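As structure tokens, the structure follows; a few thoughts come after it.
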Amino acid sequence: MNIGSKEIERILIVDDEPANLKLLDKMLGSQGYQDLLLISDPREVIACYQSARPDIILLDINMPYLDGYQVMEQLKTLNDPLLPPIVILTAQSGKDYLLRALAAGARDFITKPFDRNELLMRVRNLLDAQLAHRLIHDQKNVLEKMIQKRTEELRHSRLQVVQRLGMAAEYRDEETGDHILRMSHISALLAKSAGWDEAQCELILNASPMHDIGKIGIPDAILLKPGKFEPNEWEIMKTHAAIGGKLLDGDDSDLMKMAREIALSHHEKWDGSGYPGRLAGESIPQAGRIAALADVFDALTSVRPYKKAWTIEAAVDMIKENSGKHFDPALVELFIQELDSIIKIRERFSESKDHAT
Ligand SMILES: [Fe+2]
Ligand SMILES: [Fe+2]
């Protein structure tokens, strides 16, 4: 038992013979063991064990109601990683008999009549081993908790960096502040609808805000141009996907890997006419296909310096028309099915009245 830093060892002794209990009590008590629990009815062992948490159990084998093997079986079912060593008290010393006891979970045995020195030495050794075992177990728990906390802190700070990076790209683009919020939530919704598990959906929620991070590398004169792009300007504008891919390269966390995948592929098109890789169909990563749909829908239905907001109906029509051309047809179907929830996301993340309703 733990009292401050000092350990007081608690010993549970189970024997149906009161004379044996008395004798063991005397032998151990004279050696300074003060915390002794004596039980003559084996049916009380489990309740006593659970409330008193002894450091060692001395257990008779032949007892009424439950024999020592059955008591060990009961103790085993508790699945306690700190189950203390069990020492069998026995008058028999046959090999088979002892093997059976060891197989049932006993760590050692003491033959009756008890030899005082033998008893004390065996109890001392096993108690030391148990205390060391518990110490290691406690330290392991403390370490695991520390690691968990550190991992959570790292996850949180990585998320912060990622979200701020997404915001940095937004500032440059003069897109509305809510665009990345909406498109990332729509992306997560579509991912869920496509059968992704919860962890993957959270990943796309956090990775998709960086889809346009590469716009950091596009000159203002092009990025902020109100009118239409000249062909050469358009070529430069298109490089934002590859720039984003490069910016997010070299980190092997799942989050950064997905962010890179989306930055690189969110302008690829199902029919192979997109950029930068002219990938087609399922060779476009699914995260990129999802982000493309969410991104385009939100951009269409939002006001931009160069255009008015489209109505939801017009945007949905355009998406349907482009199923199998720009967009993954299976995702377009899911998009239509989820339209009500998608509209709700738009309403939830619209502080400004910049979009169609
Ligand atoms: Fe983009
Ligand atoms: Fe976007």
Could you count how many residues in region 267-317 are under 24 Å from Glu347 (Cα atoms), part of a loop (DSSP other than H, G, I, E, B) and not aliphatic (A, V, I, L, M)? 6
Extreme residue, farthest from ligand 2 (Cβ to nearest atom), among residues of region 217-248 that are open to solvent by 70 Å² or more (accessible area, probe 1.4 Å) and under 40 Å from the mean Cα position of the chain (by Cα): Lys246
Only one of these is surrounded by 14 or more Cβ atoms within 10 Å (Cβ to Cβ), away from ligand 2 (no atom under 16 Å from the Cβ) and of a type in the set (D, E, K, R): Asp328, Asp317, Asp295, Asp251. Name it. Asp328
Determine, yes or no, whether Ala280 is touching a Leu at 6+ places or on another chain (Cβ under 6 Å) and either more than 16 Å from ligand 2 (Cβ to nearest atom) or in contact (Cβ under 8 Å) with a residue 24 or more places away in the chain (or both). no
Gln70: passes all of (1) surrounded by 18 or more Cβ atoms within 10 Å (Cβ to Cβ); (2) over 30 Å from Leu135 (Cβ atoms); (3) within 47 Å of the chain's Cα centre (by Cα) but (1)
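This table checks each residue for (1) at pLDDT below 95; (2) more than 15 Å from ligand 2 (Cβ to nearest atom); (3) surrounded by fewer than 11 Cβ atoms within 10 Å (Cβ to Cβ).
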{"site": "Ser157", "(1), (2), (3)": "yes, yes, yes"}
{"site": "Gln163", "(1), (2), (3)": "yes, no, no"}
{"site": "Glu170", "(1), (2), (3)": "yes, no, no"}
{"site": "Asp173", "(1), (2), (3)": "yes, no, no"}
{"site": "Gly177", "(1), (2), (3)": "yes, no, no"}
{"site": "Leu181", "(1), (2), (3)": "yes, no, no"}
{"site": "Lys192", "(1), (2), (3)": "no, yes, no"}
{"site": "Gly195", "(1), (2), (3)": "no, yes, yes"}
With respect to the numbered conditions (1) in contact with a helix residue (DSSP H, G or I) (Cβ under 6 Å, 6 or more places away or on another chain); (2) closer than 26 Å to Ile319 by Cα, which one is the sole condition not fulfilled by Thr239? (1)
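The values are calculated or read from the model by the stated rules, or taken from the named source; none is laboratory data. Remember, it's a predicted structure, so these values are computed and weren't measured experimentally. Glycine gets a Cβ as well: all are built from the backbone with ideal geometry, and neighbour counts include every protein chain shown. The protein model used for the area step is the full one, side chains on, heavy atoms only, and it has no ligands, DNA or RNA in it. Shrake-Rupley method; radii C 1.70, N 1.55, O 1.52, S 1.80 Å.
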